[in-house]
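Below: the structure, in structure tokens.
Throughout, read-outs are computed from the coordinates displayed, never taken from laboratory work. Note that this is a predicted model, so its numbers are computed, not measured. Counting neighbours? That spans all protein chains shown, and the Cβs are built from the backbone with ideal geometry, glycine included.
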Amino acid sequence: MRKSLFAALLSLPLLSQSAEVLVEAESFDHPGGWKLDTQFIDVMGSPYLLAHGLGNPVEDAKTTVTFPEAGEYTVWVRTKNWLQKFDDKIDASAAPGRFQVSVGVQTIDHEFGKTSESWHWEKGGVVNVEKGATDLKVSDLTGFNGRFDAILFSTNPDFTPDNTSEAFPKWRREMLGVSTETVDEGPFDIVFIGGGYAGSCGAISAARMGLKVALIQNRPVLGGNGSSEVRVWAKGNTPPGLYPVGDIVREFSDSASKSPGSYEEFEDQKKFDIATAEQNLSLFLNHHAFDVEMESETAIEAVRAFDTRTGEIRRFTARNFCDSTGHGTIGKMAGADYEMLEKGRMGMSNMWAWENADEPQGFESLGWALPFGERDFPYPRKFHAEWFWESGYDKHPLLDLEQIRDWNNLVAFSAWSAIKNKGAHARSDPDGKAHENARLTWMAYIGGTRETLQLLGDVVLTEEDIVSKRPFPDGCVLTTWSVDLHYPREQYAKVVPDNPFIAIAVHGKGVDRKKGYPIPYRCFYSRNIENLFMAGRNISVTHEALGTVRVMKTGGMMGVVVGKAAAVASKNDVSPREVYYQHLDELIELLRLPGNVRRENLESEFAVDASLPDLGELEIEWIPLSQLSGIVIDEEKAKKDGDWKHGTGLKNHIENGYHYIGAAPKGSPSVATATFEFNVPEDGEYEVRIAHQPHENRSTKTPVTVVGADREESFSINQRIAPPLAKGFFGLGVFEFKTGTPGKVIVKNEGADGNVHIDAVQVLKVKD
């Protein structure tokens, strides 16, 4: 029972000894069908309960309140009419978020949620109560997103509650009897704030590096946009080039294959289990970080967060902190340099889904809905409304967050009402009954935000850097998503010109989606707050560059890098910046470690943990040259005569692909050749290998000749079967080579009985 913290008495002598009893929404013993919403604490000051019933009134929220004395109490409820913000477009008088409050057997004759577009204390009337414990019940009347933050009872009819938007203000804590003292947590080596892919993978990475780690997340699940609450499937590849920083991301990733997928596909429990299995990681779910304490103008001393269920405040001290909130709010509070577009940002999505039942399903015609016709919105094909149901491009990305979410839900309800009641998108059915059995099954009330602000580091990555493939010595995370920017889709923007709700994605060129572009480490720490890292969509990039780095698996790899950089910082007692300038080689050594390696602490030795998955042998689509030892000549560097074709369709090819050519009959004047030429660094014996990918249309007798210093030898290779050596190589034997005299491997198509395939040649020194 938590009501001892949230339903308490405060006697105020200056108000004629009036008695006040405050009940926070999040303290209800049985919230029923109401959902705890913590997204907008920084704007309106508190978590609240939301009646997100998709048009069906949700189950009552119930709790028990103890009144200190009998008498008449005036009832106040902090709430809002969420629709009224849009009354210039529709009739908001219907107030779809209406609800009632009952105290004991008395139902207050007042419908809350009707009077103001802003959060306010709405006066509801007077109840007579007896001293002692009394039941309190909040009943949703509509199923359309009614909400309440708190309920206050006062024996003073003139008492007016404070409507401050400060997060969990002092007067509330005092009235609730919640201690103003904080619970100290730490000190930690690093604290990650935000439990999406970036923060979660970062915390796991740091813990496996032997650091003492805290992960703070203000929701009950991990994964952020890639959780069951938002249901955006994780995009971006974890390619094999550079460093294995994708191992932990692949381990953490779910099985979702579409947006939105099902609840089960997003595997919230799996993510939770992976995080809590780390002995060095302390996980704080349902904790909202609301304050930053500074040690100096350039260093964070602590982050304060409160438990969104109990109000208990925790103070987290650490050497370093990582803002992985997506919104960049920790950095902003700390005074970090940042940039935020005034308009034209990518917006927030709230996706939704539906199904066909076995019998007719009703859905009331919403008099307060936007008057959509068939051509005003895209049909939600495949039973779901996808990512492009997006808005907020020109709204403030922090102050207007709740309005953006509410608008997204409004347009979704309006579209569904048009489908069900106007026959919209049922052209082939003149009776308008094509969706008679259709019913809503899910709609996100947690927003999937794409862009808020960018915390600035020593490098601010630009689109030009990416397109020109500008090299950085600290390039460490390969982004494989295109420069994907979202804009209002012209076809639907005219429906509501000042608040469009359907997006179009414009994919720019310049990102190799197979190999990726390496994002520099210097984008992952603040340029003016010396102990602040960042990972995820709030890193140091321009708006355009954000289009490629913002996807979840890429963000997860950023977190992994931050976790390892934090280990270097702690071990050497240096700042994140000094990791780059003084210890980059040491960071690179850690980046080369696979995800299943760990140590207990900074003084321990690394070891492979057999309980963790070995993700280094996952099937991949291509093999980077950097993974191959010795002298490697890619087929792109071979001298080719003839009409060789380039291909990439066969997996596990070397680097950018392979070449192939049809057979030439014996004696043909148009024989094609490919010559791989190389020079050895010292005289000696070397093993020669050649790579190919098997296919049924390849030749079973591809002619290959090796020219060495000691001999020339020819082979006939069956390229329809897989080569026996690792990475797809076939051994041609040991040959002697001399410096200054090029060695050669020559492939021809003469006499072949299928396509001749070339990929790479590898030359390895034989140990003496």
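Among ARG98, ARG527, the order by Cβ neighbours within 10 angstrom, fewest to most, reads ARG527, ARG98. A crude spin-label estimate for the pair PHE472 and THR298, with each label 7 Å from Cα along the Cβ direction, gives 2.1 nm.
Spin-label model, GLN582 to ASN163: label points 7 Å out along the Cα-to-beta-carbon direction sit 5.3 nm apart. Within straight-line reach of LYS62, meaning a Cα separation under 30 Å, sit the following lysines at least 8 residues removed in sequence or on another chain: LYS3, LYS35, LYS80, LYS85, LYS114, LYS123, LYS131, LYS137, LYS170.
Could you rank the peptides 55-66, 213-224 by their average count of other C-beta atoms within 10 Å per residue, with the highest value first?
Working: 55-66: 18.2, 213-224: 26.1.
Packing proxy ranking, top to bottom: 213-224, 55-66.
Mind checking the angle between helix 401-421 and the chain's longest principal axis? C-alpha axes, 0 to 90 degrees, to the nearest 10. Long axis of 401-421 versus the principal axis of the chain: about 90 degrees. Taking every alpha-carbon pair under 8 Å whose residues sit at least 6 apart, region 348-449 reaches a relative contact order of 52 percent.
Exposure proxy for TRP233, TRP442, TRP82: other Cβ atoms within 10 Å of each Cβ, ordered fewest to most, give TRP442, TRP233, TRP82. Computed from Cα positions, the angle between helix 197-208 and the longest principal axis of the chain comes to roughly 70 degrees. Ordering 567-575, 595-603 by mean Cβ neighbour count within 10 Å, with the highest value first, yields 567-575, 595-603.
Note down the magnitude of the dipole of the chain about its Cα centre, charges +1 on Lys and Arg C-beta and -1 on Asp and Glu C-beta and zero elsewhere, to the nearest 20 debye.
Details: 81 positive and 110 negative charges, 337 e Å.
Charge dipole of the chain: 1620 debye, to the nearest 20.
Dipole orientation for region 297-428: of the candidates TRP387, PHE306, SER324, TRP387 has the Cα lying most toward the positive pole (charges on Cβ; Lys, Arg +1; Asp, Glu -1).
What's the ranking of 271-280, 154-163 by average number of surrounding C-beta atoms within 10 Å, highest first?
Values: 271-280: 16.9, 154-163: 15.3.
Peptide ranking by packing, descending: 271-280, 154-163.
Residues whose amide H lies under 5 Å from that of GLY754, counting only those 5 or more places away or on a different chain, are ALA663, SER699, THR700; hydrogens are built 1.01 Å from N in the peptide plane.
If R₀ is 22 angstrom, what is the calculated FRET efficiency for the pair LYS738 and LYS701, using the beta carbon separation as r and rounding to 0.05? Write out the running numbers ahead of the final one.
Numbers: r = 31 Å, r/R0 = 1.40.
Result of the calculation: an efficiency of 0.10.
Taking the C-alpha atoms only, the angle from helix 552-572 to the longest principal axis of the chain is near 90 degrees. The H on the amide N of ILE623, modeled in the peptide plane, is under 5 Å from the matching H of HIS653, ILE654, GLU655, each at least 5 residues off or on a different chain.
Within the straight-line cut-off of under 19 Å between alpha carbons, the lysines reachable from LYS639 are LYS744, LYS748, sequence neighbours fewer than 8 places apart in one chain being disregarded. Would you mind checking region 719-759 for residues with the amide N under 13 Å from a putative spin-label position 7 Å along Cα→C-beta of ASN679? Counting only backbone N, you get 738-743. Restricting region 717-768 to trypsin sites (Lys or Arg not before Pro) that sit in a DSSP loop and have at most 11 other Cβ atoms within 10 Å of their own Cβ leaves LYS767.
Please say if region 622-765 is rounded, prolate or oblate, where rounded means a/c under 1.5 for a ≥ b ≥ c the square roots of the C-alpha gyration tensor eigenvalues, and otherwise the choice is prolate for a/b larger than b/c and oblate otherwise? Walk me through the intermediate numbers first.
Working: a/c = 1.74, a/b = 1.27, b/c = 1.37.
Oblate, because a/c is 1.5 or more while a/b does not exceed b/c.
Taking amide H as placed 1.01 Å from N in the peptide plane, the amide H of PHE148 sits under 5 Å from that of LEU49, each at least 5 places away or on another chain.
Listed from fewest to most Cβ neighbours within 10 Å, the set ILE661, ILE248, ILE108 follows the order ILE108, ILE661, ILE248.
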